[in-house]
Structure formats: structure tokens, C-alpha cells
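Working notes, beginning with the structure itself.
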Amino acid sequence: MPSPTARSFISQRLRLHYADWGNEAAPPLVLVHGGRDHCRNWDWVAAHLAAHYHVIAPDLRGHGDSAWADAGGYTMAGFLYDLAQLVHQQTQPPITLIGHSLGGNVATRFTGLYPELVARLVCIEGLGPSPQMEAEMAARPIETRLRGWVDEQRQLAARQPRRYAAFADALARMQAENRHLSPAQAEHLTRHGVRQNEDGTYSWKFDPYVRSWQPVDTARDDTRRLWGRITCPTLLVYGTQSWASNPALDGRAAYFGNAQVAMIEGAGHWVQHDRLDEFMRVTLAFLQA
């Protein structure tokens, strides 16, 4: 696979890292990873796209080689601003945008905010909780949610990044997290997902505080309004073996004006890893249509 160049940009005083596969004369394409992940998880996807696009992939704040937020707070507004700054500073829109999980959530909201900046959107399991899960969360009173968040923050304040005695131990954890990964995929993702500590142990690069989601998010109707503002062709990709709810069946796809849903057989939540060839076949057909 071609190796990207490490670059950085500034957003809210944070120095954020992104990988750049070059080909600056080509149309820009931005890849946005999910929670507790990193930009180099896109290497296989970038290898298929770098000949035709200027591919860049940021490490979200608190992830990979990007800075951690001083206050330990990670909000959707912060992630949205970072993406807006990356697009503003480092690209010439309109862009093609592909996001996975948390990154897909960021990508869809960004596209709804700035529909004129995005030519095509691919969202991989990135619409957030299913309507059923949203209803269950909304049924919890605000005081319960806020008190739970405070308790969670206190627990994270006392939590140190986990240390693995050897790289092989971190690799085993990666393999346990996603049984679909090949040994080569797991090794690559672990290699770029850990840093070696001074004592020789290994820890994941992400800030432990990214485990905690904000207690109050954008209202459900407001999020759906953003989806409805998206004007570009949109591809919603889901795995048939994932825990995520199919948006074609639960009604969420209907909020998009120009979206299609692709279900990838044999894939879990990390569709682009679990069935790379099929994911690329579907994605390239969509991008080239």
C-alpha cells in the first residue's frame, strides 16, 4: 500500500494530524474514522482511491496522533468544527466525504450544514443509535443522564491508559475486538494504533475520555433536519452481521433526499475491513455513477 505523508492543521488551538496520500491535482476526498480508531485504518481504502483522488484522512481530536482536548471533553460540535477547519484549510471543495461510525455521524451532519461543499457522501454505519435506542435514551430523565455523565467523568479521571506488556498483547486485544480481521489487518491496525511508553509497554493512542459521550446531543428532530438538507448523492453502507439497525427498515433513510442503502453480506460494524473487496466494489460504482 502507498504510504501517506503525515501533516497537521490547527483547530481550536489543537494541533490535529492527518494523513495525506498526495495527488493534489485530483478532486479532494476526505476519510473520517470512528471512535477509538485512527486515520491509518483507511490505508486499504486509500490504496484503491489515491490514483483518482487527493485522499486525506484526519485523526479526530483525542485520537491517533492528534492532540487531546485539555478539558477532556469531546463533543459533536468539536468534531464538526475540526472537520470544517480541515476542509477550509486543506482542500478545494466540493469534496467527496466518507465516514465510518462516529466519523459517519460527523460527516452526515457536516454535509447537512454545508451541502454546497460535498459532492458525494458515503456513510458507513454512521447514523448513530437506532430509533428504538434513541427512544430508550430519551425516556431517561435529564437529571439521570447528567448525573450518570458526571459519575462516568469521575471514573475516567482516575483511569490511566491501559498498558500492555508486549505488542503481541495489544494485537490480541485488536483481534478479539473484531474477529473478521485477517492477521495482516490486525497487525497493521495495532501497529498504527499504539504508542510505546517509556517503560517499554504499549498503550492505545486515544484519550480515555473519548469513551464518554456527551450527555446532551443535538435534538433528534434537528439531526434529521440536517439529513434532509443534504443535496448530494448519499450511500448508506451497513453490514448484515452488525449490531447496527438497517436504516432502510427503521425509517432513517427516508429523511435523506437522495440516498441509497447498501447492505454488505458477511460484514460487521467495520464494513470496510470485514469485506474490503465488496465494499470497494459498491463504493466505486457509487462514486463513478
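The values are calculated or read from the model by the stated rules, or taken from the named source; none is laboratory data. Bear in mind the structure is a predicted one, so any value in this text is a computation, not a measurement. Glycine gets a Cβ as well: all are built from the backbone with ideal geometry, and neighbour counts include every protein chain shown.
A few notes on this one:
- Filtered residue count, the stretch 34-48, keeping only those that are buried (at least 23 other Cβ atoms within 10 Å of the Cβ) and farther than 19 Å from T190 by Cβ: 0
- Filter pass, L31 being of a type outside the set (F, W, Y), part of a strand (DSSP E or B) and surrounded by 15 or more Cβ atoms within 10 Å (Cβ to Cβ): yes
- Among the residues making up the stretch 228-254, those that are crowded, with 17+ Cβ neighbours inside 10 Å, of a type in the set (S, T, Y) and farther than 15 Å from V122 by Cα are S242, S245.
- The numbered conditions (1) within 20 Å of N41 (Cα to Cα); (2) assigned to a loop (DSSP other than H, G, I, E, B); (3) β-branched (V, I, T) are all true for I230 except (1).
- Segments classed as strands (runs of 3 or more DSSP E), wholly inside the stretch 93-203, with at least 3 members that are crowded, with 19+ Cβ neighbours inside 10 Å, within 17 Å of the chain's Cα centre (by Cα) and modelled with pLDDT of 95 or more: 95-100, 118-124
- Enumeration of residues in the stretch 70-83 that are in contact with a Leu (Cβ under 8 Å, 6 or more places away or on another chain) and modelled with pLDDT of 95 or more: F79, L80, D82
- Of all the criteria given as (1) of a type in the set (A, V, I, L, M, F, W, C); (2) farther than 21 Å from E125 by Cβ; (3) touching a helix residue (DSSP H, G or I) at 6+ places or on another chain (Cβ under 7 Å), the one not satisfied by L181 is (2).
- Selected residue (only one of R7, R61 is under 30 Å from V150 (Cα atoms) and either among the basic types (K, R) or over 19 Å from the mean Cα position of the chain (by Cα) (or both)): R61
- Of all the residues in the stretch 263-289, those that are part of a loop (DSSP other than H, G, I, E, B), crowded, with 19+ Cβ neighbours inside 10 Å and not basic (K, R) number 4.
- Identity of the residue in the stretch 204-222, in contact with a Gly (Cβ under 7 Å, 6 or more places away or on another chain) and assigned to a helix (DSSP H, G or I), that ends up nearest to F79 (Cα to Cα): V210
- Where A165 falls short, out of the listed (1) farther than 26 Å from I98 by Cα; (2) touching a residue at least 40 places away in the same chain (Cβ under 8 Å): (2)
- Evaluation of R225 against (1) surrounded by fewer than 18 Cβ atoms within 10 Å (Cβ to Cβ); (2) in contact (Cβ under 8 Å) with a residue 60 or more places away in the chain; (3) assigned to a loop (DSSP other than H, G, I, E, B) (one fails), failing number: (3)
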